[in-house]
C-alpha cells in the first residue's frame, strides 16, 4: 500500500504541480510555498483578529451583539475583517493538509528530516483548538454546539472532577468567567504556544522560507477578500440552551471529527485523534527505513573555508576550532543526526575538483554513499562513448529524486546520477567540456523552489552565474551547458529538452578551447 | 505560455480555492440530533453521605492528639456512592451507582447524561439515594411535560433546594 502511494503520489503530484507552475510560474507556484503560505494566513488571522477584538465584548450577554454589530453595521471593514479571520484560518487548514500530504508522498519526513515532521504534529493540536475556541466566542448556534460537544469530549478525560458540560445545561448556567477563559485561550494562550511551535518546527532548517513571494501573498489576500465580500462570514441564531442546535452551518475544516462524537462516542473521537497523531509521529521510523550515511570531513583536506556550512540546507555542518594542528583557524564538523546526505556540502567544497592531478581526489567534506572520486570515475566511465553522435554527445548530471534517469541513456546521452544537483561541483562541468568527455553538459534538477533537499537548485544556479562560491570558471563556454529544473516531469519531456540541446551543440560544431589567459580563471559575469 | 492565459489560469486556481473555502466553511449543514427530536439531560454534582458516621472522641483520645489538631469528632472521609434512576413514561432510561470522586472517594458524585427522545407529552421521573439505606430513595420527583421538537429538558439536582429540579 505504502509502496503504491510512494509511486503514484509523486507521479500525480508532479502533474498537479506542473499545472500550477504553468499558471503561476515555478517561482509563484503555491504548491512550492505551502509552509510559508500557512504562516502568511496565520498573520492574516492575527491582524484581522486584532481588529475584530477591538469591537468584541467578552461577555455571554453581549458577545453575540457585538459581533453582529461589527458584521452588519461596519460590514465594509469590520465585516470583511471578520470574514478574512475565518477564511484565512480555513485556508491555513487546507495548506497544512496539502503540505503534510506532499511531504509524505515525496518521502521528505524520514531520516534527518524527522524533526520537522514530528514537531509539525503538535502544531495540529494547537491550530485546531485555536479555531474551535474562535467559533466558541461568537456565541451563536454553532458556538452552542461547539461548547457542549467540546465539553463532552473533555469530560471523558480524567482532568475535571465535575462535568464541564454542566456549564452549558441551561441559559442561566453559563458564566462570564468561563467565557473569559475561552477568550483568553483563543486570544493569547493558543497563539503564543503556536508561535513557539512554529519556531520549533523550523528550528533545524537553514534559511527557512517564512514568507511566500509577494505576488502570491497579494493574490491570496485578494482572493480571500473577494470571498469575504461575496460570501461574508455570518453568525447563526444566538445560542439558546433551552433548545438543541440543529441544521448548523458547520465549518468542516475545523470540526470534521465532531460528528463522530454524536454518532460514536467521545472515547472514539479521542481514539481516532490520538491514534492518528501517534501514527503520524511514528511515521519517520516505520519501515522501509532508508537512512543514508552522513557526510564526513577529511581533516587533512579541509581548510575551514566555511562554504559547506553556508550551503547546508539543514544546519548539519558547522565550524569548530581546529583539532589537528594544521595552520587553519577552523574545521568543518558534521552533525550526523542532522545530515540528510544530500551531498550539497561536497559540491560546495573548493577541493572537490576532478581536475586535480597531483594528489588523490579526496575533498574536505564528502558523501560516503557517493564520494566525489566515485563521481569522477562514473563520469569517466560513461563519458567515453564509442560512436554516438559526433559533436552532440551530452553528459547528463541528474538529481535522483526526479525522473528515472536511466531511461534517458542512449548512444549519445550518458547519465550520472547525483543525490542532489548541487552535489555537483562546477569544476566537473569544466572537466567534462575541457577534456572533451562530452560536447555539452545537461544539468537536471528539481523544480525551482521545490528542491527535494530545499536549496540545491538555487545554489547550482548561483554557482553557474558566478554569484556563489565555488563558481563555474569563465573559460567554460556557457552555450555548452544547459539546465532543466523539471522535477518529476516525464522522461519524454526531458528527452525533448535534451534533443533540443543536442541540436544547438551540433550547430556549434566541435569544441575548440579558447587560448588560456588570465581571464580564463576568472568568474563569468 | 501566453501571459493572459497564465493570469486566467491563476484566476481559475484562486476561484477554485475560495469556492472550496466558502462552501466547506458553512456547508453541508449539520444536525447533531434530528430536527423533530427533543433532548433530555440528567446532570448533577452531589456529595453522598459519609460511609461511616462521625464518632465522638473520648477525652483520652483528644488528649493524645497534637494540640493544634484536637477535634471532638472523628469523621472518616469516604462518601457513599449515589444511586440515581431516571424514567420516561414508566420506562427506565438510566440506573447508575455513581462513585464519589477523589482518590479517597471523599468528593462529589457527578453525572452528565443525555437522551434523544421523541417530542410530545411525557412523564419524567427521577430518584436518588445518597444514604446507606438499602431500599427506596432519599429524593424522588416526577413531572408531566410537553416536549417540543429540539427542546432541551434538563433534570438537575440540588439537595440544598430540596432535591430534583426540572428546567
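The values are calculated or read from the model by the stated rules, or taken from the named source; none is laboratory data. A quick note: this is a predicted structure, and the numbers were derived from the prediction, not measured. Every residue, glycine among them, receives a Cβ derived from its backbone with ideal geometry; neighbour counts consider all protein chains shown.
Details
- Residues within the range B:108-135 that are within 13 Å of another protein chain (Cβ to nearest Cβ) and surrounded by fewer than 17 Cβ atoms within 10 Å (Cβ to Cβ), tallied: 4
- Scope the range B:136-167; condition out of contact with any strand residue (DSSP E or B) (no Cβ under 9 Å at 6 or more places or on another chain) and more than 14 Å from every other protein chain (Cβ to nearest Cβ); matching residues: B:160
- Of all residues in the range A:214-231, those being more than 26 Å from residue A:35 (Cα to Cα) and more than 7 Å from chain B (Cβ to nearest Cβ) number 2.
- The range A:263-277 - residue that is within 14 Å of another protein chain (Cβ to nearest Cβ) and surrounded by fewer than 17 Cβ atoms within 10 Å (Cβ to Cβ) and, of those, farthest from residue B:19 (Cα to Cα): A:265
- Selection from the range A:196-220 of residues that are assigned to a helix (DSSP H, G or I) and closer than 15 Å to residue A:24 by Cβ: A:214, A:215, A:216, A:217, A:218, A:219, A:220
- Some residue of the range A:4-18 being within 19 Å of residue B:25 (Cα to Cα) and either away from chain B (no Cβ under 14 Å) or modelled with pLDDT of 95 or more (or both): no
- Among the residues listed as B:86, B:71, the single one being touching a residue at least 12 places away in the same chain (Cβ under 8 Å) and closer than 19 Å to residue B:138 by Cα: B:86
- Number of positions in the range A:140-162 that are crowded, with 20+ Cβ neighbours inside 10 Å and touching a strand residue (DSSP E or B) at 6+ places or on another chain (Cβ under 7 Å): 4
- Output for the range A:278-296, where each listed residue is touching a residue at least 24 places away in the same chain (Cβ under 8 Å), surrounded by 10 or more Cβ atoms within 10 Å (Cβ to Cβ) and part of a loop (DSSP other than H, G, I, E, B): A:291, A:292, A:293, A:294, A:295
- Residue selected from the range B:37-52 under the condition more than 9 Å from chain A (Cβ to nearest Cβ) and touching a residue at least 60 places away in the same chain (Cβ under 8 Å), by the criterion farthest from residue A:167 (Cα to Cα): B:51
For every residue, the table says whether it meets (1) within 30 Å of residue B:122 (Cβ to Cβ); (2) in the same structural domain as residue B:147 (by TED's automatic domain parsing); (3) modelled with pLDDT under 95; (4) outside any strand (DSSP E or B).
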| site | (1), (2), (3), (4) |
| --- | --- |
| B:12 | no, no, no, yes |
| B:16 | no, no, no, yes |
| B:23 | no, no, no, yes |
| B:44 | yes, yes, yes, no |
| B:104 | no, yes, yes, yes |
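- Considering (1) more than 14 Å from chain B (Cβ to nearest Cβ); (2) part of a helix (DSSP H, G or I), the lone condition that residue A:44 does not fulfil carries the number (1).
- One residue from A:375, A:380, A:338 being part of a loop (DSSP other than H, G, I, E, B) and either buried (at least 21 other Cβ atoms within 10 Å of the Cβ) or in the same structural domain as residue A:462 (by TED's automatic domain parsing) (or both): A:338
- Test result for residue A:318, surrounded by fewer than 17 Cβ atoms within 10 Å (Cβ to Cβ), in contact with a helix residue (DSSP H, G or I) (Cβ under 9 Å, 6 or more places away or on another chain) and closer than 22 Å to residue A:425 by Cα: yes
- The set of residues from the range A:454-487 being closer than 14 Å to residue A:398 by Cβ and either assigned to a loop (DSSP other than H, G, I, E, B) or not assigned by TED's automatic domain parsing to the domain that holds residue A:497 (or both) comprises A:486, A:487.
- Residues of the range A:186-204 that turn out to be out of contact with any helix residue (DSSP H, G or I) (no Cβ under 6 Å at 6 or more places or on another chain) and touching a residue at least 12 places away in the same chain (Cβ under 8 Å), as a count: 5
Listed here are the residues, each with its yes/no results for (1) under 25 Å from residue A:235 (Cα atoms); (2) within 14 Å of chain B (Cβ to nearest Cβ).
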| position | (1), (2) |
| --- | --- |
| A:76 | yes, no |
| A:85 | yes, yes |
| A:104 | no, no |
| A:109 | no, no |
| A:119 | no, no |
